[in-house]
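Below: the structure, in structure tokens.
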Amino acid sequence: MKAVRFHEFGGPSVLQIDDIDEPTCKPNEVKIKIIASGINHLDIWVRKGLPWINFPWILGSDGSGIIHEIGSNVSKWIVGDEVVVHPGYSCGNCKYCNNKNENYCSNYGIMGESCHGLQQEYICVNPKQIIRKPSCLTFYEASSMPLVFMTSWQMLVERAKLKKDEWVLIYGGTSGVGAAAIQISRYIQANIITTVGSEEKINFTKSLGADFVINHSNPRWINEVKSINRKFDVIFEHVGKATWEKSISLLGKGGRIVTCGATSGYEVNLDLRHLFFKQQSILGSTMSNFNNFNLVMHKIKNGIFKPFIDSVFSIEDVAIAHQKIENREHIGKVVLSFDK
Ligand code: ZN
């Protein structure tokens, strides 16, 4: 079977399609024929180099497909069921897992980052990790949503507790997590300002529900933000060093900065006097537990959150797909197809 792998770290050219053995389905697993796999920025981080990666490595954290085989101990599913895979997994037997906070588990991992990923024709997983594919979505759409929506839901709802009528600043409104965050904030009925990197991305973020869109390629973008709102209740961070000081300066009393990443650098300064006097909170966040994944997928099934696909590439063109993302030429999610 085919798999998207790399044998060394580097640019998109290190990606190749390898012919590897099909996995064997164990009694407690289901075997899925993967149809589509959404690419996340995480794929690019992994490809560029993470210390624990062993070569050759299979990429991919998001995927959808059809159940191909059922392990002898699995009863809930049947061959032919259309499913979406949860990118996270945990030990299932620690205090966090027992309290349904799987994403706090010491053994929590993300497929494609902490173990081989979903960009292979067949994969065997624990049935806890699958959910029925919403029938309103294509396989491409269904594989583009789990990671970014569960991450953004955890950040805004579980951690920052964003409320109706509050002001939220979302960096990178056309990024996967940014576009999901706009839809979730619209659902909560918050006031949304988002930033984008070019004029042609403005209409897209408005169509998702942003109230105001600022082009951050303008060096005076922060003044534009301040002309609309000076003190935010929640700042949705995934940029890190490049935006940190501005984020702090825009955070109001009782404000919460919630962060899931640090693409521009992870060491930042903090004036503790502002933090305690203004009673602000800095919140870290990663992925979500299984309950919130199911809850988000339920809202997707009911059409509350919508897919936003830029393009679909056949797996043979995976390097072109990665290059497009790195060049920031995409507006929405880029998806790999295994049946194209
Ligand atoms: Zn655990």
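Just so you know, all these numbers are worked out from the coordinates, no wet-lab data involved. The shown structure was predicted, so the numbers you read here are calculated from the model rather than taken from an experiment. Note that each Cβ is placed from the backbone with ideal geometry, even for glycine, and that neighbours are counted across all protein chains shown.
Results, tabulated for the structure shown:
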read-out	value
Per-selection Rg to Rh, the range 37-134 - Cα, Kirkwood hydrodynamic radius	0.98
Protection proxy ranking, peptides 18-28, 82-92, 67-77, 303-313, average beta carbon neighbours within 10 Å, highest first	82-92, 303-313, 67-77, 18-28
Cα-based reach from residue 206 at 25 Å (exclusive), listing lysines while leaving out same-chain residues under 8 positions away	161, 163, 164, 226, 231, 246, 299, 301, 306, 324, 333
Counting all C-alpha pairs of the range 149-284, share separated by more than 26 Å (%)	12
Centre separation in Å (Cα based) which lies between the range 22-47 and the range 179-209	30
Check: the range 149-284 dipole with +1 on Lys, Arg Cβ and -1 on Asp, Glu Cβ, in debye	360
Viscosity 1.002 mPa s, temperature 20 °C, Stokes-Einstein D of the range 179-251 from Kirkwood C-alpha radius, µm²/s	169
Normalised convex hull volume, the chain, alpha-carbon set, Å³ per residue	136
Centre separation in Å (Cα based) which lies between the range 260-319 and the range 92-163	12
For peptides 322-332, 45-55, sequence by mean Cβ density within 10 Å, most packed first	322-332, 45-55
Sequence-distant aspartates and glutamates (8 or more away, or on other chains) whose Cα lies within less than 14 Å of residue 241	267
